[in-house]
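**Student:** Quick one: the structure is below, and I'll ask about it shortly.
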Ligand SMILES: Nc1nc2c(ncn2[C@@H]2O[C@H](COP(=O)(O)OP(=O)(O)OP(=O)(O)O)[C@@H](O)[C@H]2O)c(=O)[nH]1
Ligand SMILES: [Mg+2]
């Protein structure tokens with residue numbers, strides 16, 4: 001996600017950070033680099049200009065130039081401005097209405113409205129603990145209503161039964177009374193795709209809005225369309241009261257122009273990111289975390305949240321305690337491997353970590369094999385409890401037994417044990433807050449060779 005932009009920023013920052021002192025010329029050069037990076041990301045010209053204008057006076061402040069690490073301070077200024085541009089903080093959804101709380105999704109054709117309706121339903125069910133009903137108002141595209149119905153069936157979400165030939169205003173009214181009967185607390189209205197030039201379709205959403213009176217009207221916009229997405233938001237806002245953006249296909253967007261321009265151009269906050277086709281591929285948009293990701297500082301908080309969603313609380317707590325104590329057992333390692341698997345393998349985890357591009361290119365070059373995770377899991381499962389707690393006791397004959405049990409050979413066991421030893425040493429360092437060395441340089445070569 002947004003890797004081109006990240007790479008550009010990393011380039012600019014690495015020369016900034018290296019400079020022992022800064023003069024106006026160097027700052028100017030860095031700002032030119034940043035401007036270029038933004039424009040290449042398909043950010044609007046206005047946004048790029050304003051961004052530089054905000055950063056410049058701060059970066060040129062005498063206290064910065066004269067400080068001991070001027071480069072780092074400029075990086076911090078850029079980070080702060082980027083957070084501001086992205087919208088400062090996440091704006092929570094508005095549930096402030098008598099249930100069933102109505103919300104609707106609007107947007108251009110194919111932007112991802114129907115998929116997002118189901119994603120949001122699951123998300124609200126899980127995180128807001130609400131019962132949801134989904135309703136399709138797309139009576140124009142053949143099979144559009146069935147698409148939502150089948151998403152509901154697959155994912156165990158209530159949908160309003162379809163009545164052929166009924167028009168959107170009547171469907172809205174029927175939905176509200178059905179939700180009341182079923183005890184649904186939120187109704188999500190999926191609408192038909194429309195273009196702003198289709199005036200009849202645009203006035204239809206206005207009509208729907210006045211019937212259901214939604215607390216949230218989400219514009220679903222395709223991240224890949226860059227600054228056009230921001231213009232679309234501005235246009236839709238002229239018709240309905242948009243309260244938030246869901247930016248879809250962020251998973252495939254290397255540039256990030258839509259994410260960066262959206263708030264500034266339309267003055268509507270991004271509330272969610274669509275990051276894949278599956279129902280769980282949605283995440284809350286946190287400006288500070290995204291700025292971290294874009295500037296190549298990684299997004300440890302999201303990573304940790306994602307991990308804790310997937311694993312049992314108990315295991316995680318134990319692992320965390322062990323980490324703090326600096327004692328990292330095979331059992332913890334197993335927990336971590338399983339966690340990694342759930343999070344989309346090594347690649348999935350790496351995409352959240354700082355210094356991503358560096359590590360990724362290391363991995364691409366080396367051709368890291370994801371099946372190694374399953375193999376290591378099998379090996380650890382072939383160990384006895386005692387061995388897992390204290391791998392030091394695993395001598396030659398034990399290694400042979402474990403190799404047989406896991407269908408591998410002694411050399412592979414040796415490799416895993418060595419890898420484990422390095423891991424636990426690294427964990428000890430990390431537990432002392434010593435992550436920095438790793439983030440700057442990528443994975444240490446000794447460990448990296450072991451991971452191959
Ligand atoms: N990679 C990726 N694909 C997505 C995302 N969101 C939606 N899609 C895909 O985009 C395609 C269109 O999604 P729909 O939800 O049908 O779009 P829509 O806006 O309802 O389309 P219309 O109703 O025809 O206007 C589907 O193949 C989705 O799987 C996302 O965040 N990432
Ligand atoms: Mg649709």
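Throughout, read-outs are computed from the coordinates displayed, never taken from laboratory work. All of these numbers come straight from a predicted model, not from anything done at the bench. Please note: Cβ atoms are built from the backbone with ideal geometry, for glycine as well, and neighbour counts cover all protein chains shown.
**Student:** Relative to the present Cα-Cα distance, how much length would full extension add between residue 162 and residue 418 at 0.36 nm per residue of separation? Can you show the working numbers first?
**Tutor:** Numbers: separation 256, 0.36 × 256 = 92.16 nm, distance 6.03 nm.
Here the answer is 86.1 nm.
**Student:** Along the Cα→Cβ direction, 7 angstrom out, place labels at residue 393 and residue 153. What is the inter-label distance in nm?
**Tutor:** Calculated label separation equals 5.5 nm.
**Student:** Order of 108, 158, 219 from fewest to most other C-beta atoms within 10 Å?
**Tutor:** Working: 108 21, 158 18, 219 29.
Ordered by Cβ neighbours within 10 Å, fewest first: 158, 108, 219.
**Student:** Now for a separate question. Report, please, the projected area of the stretch 101-294 averaged over directions, based on the convex hull of its C-alpha atoms, in nm². Intermediate values should be presented prior to the final figure.
**Tutor:** On the way: hull surface 40.4 nm².
The directionally averaged projection comes out at 10.1 nm².
**Student:** Enter the Cα centre distance for the pair the stretch 168-233 and the stretch 79-123, rounded to the nearest angstrom.
**Tutor:** Rounded to whole Å, the Cα centres lie 12 Å apart.
**Student:** For residue 50 and residue 14 in one chain, what is 0.36 nm times their gap in residues minus the Cα-Cα distance, to one decimal in nm?
**Tutor:** Values: separation 36, 0.36 × 36 = 12.96 nm, distance 2.34 nm.
Extra length from residue 50 to residue 14 when fully extended: 10.6 nm.
**Student:** Write down, largest first, the equivalent ellipsoid semi-axes of the stretch 86-183 in whole Å, where each equals the square root of 5 times an eigenvalue of the alpha-carbon gyration tensor.
**Tutor:** On the way: eigenvalues 98, 60, 37 Å².
Each semi-axis is √(5λ); the values are 22, 17, 14 Å.
**Student:** Something else now. Could you order peptides 95-105, 194-204, 251-261 by the average number of other Cβ atoms within 10 Å of their residues, highest first? Walk me through the numbers on the way to the answer.
**Tutor:** Details: 95-105: 18.2, 194-204: 13.6, 251-261: 23.3.
Result, highest mean Cβ count within 10 Å first: 251-261, 95-105, 194-204.
**Student:** Something else: FRET efficiency for residue 241 and residue 381, Cβ-Cβ distance as r, R0 = 60 Å, nearest 0.05?
**Tutor:** Step by step, r from the Cβ atoms, then E = 0.60.
**Student:** Write down Rg/Rh for the stretch 2-156, rounded to two decimals, with Rg from the C-alpha atoms and Rh from the Kirkwood relation over Cα pairs.
**Tutor:** Working: Rg = 23.0 Å, Rh = 19.4 Å.
The Rg/Rh ratio comes out at 1.18.
**Student:** With Rg and the Kirkwood Rh both taken from Cα atoms, where does Rg over Rh land for the stretch 24-105? Working shown, then result.
**Tutor:** Numbers: Rg = 18.2 Å, Rh = 15.0 Å.
Expressed as Rg/Rh, it is 1.21.
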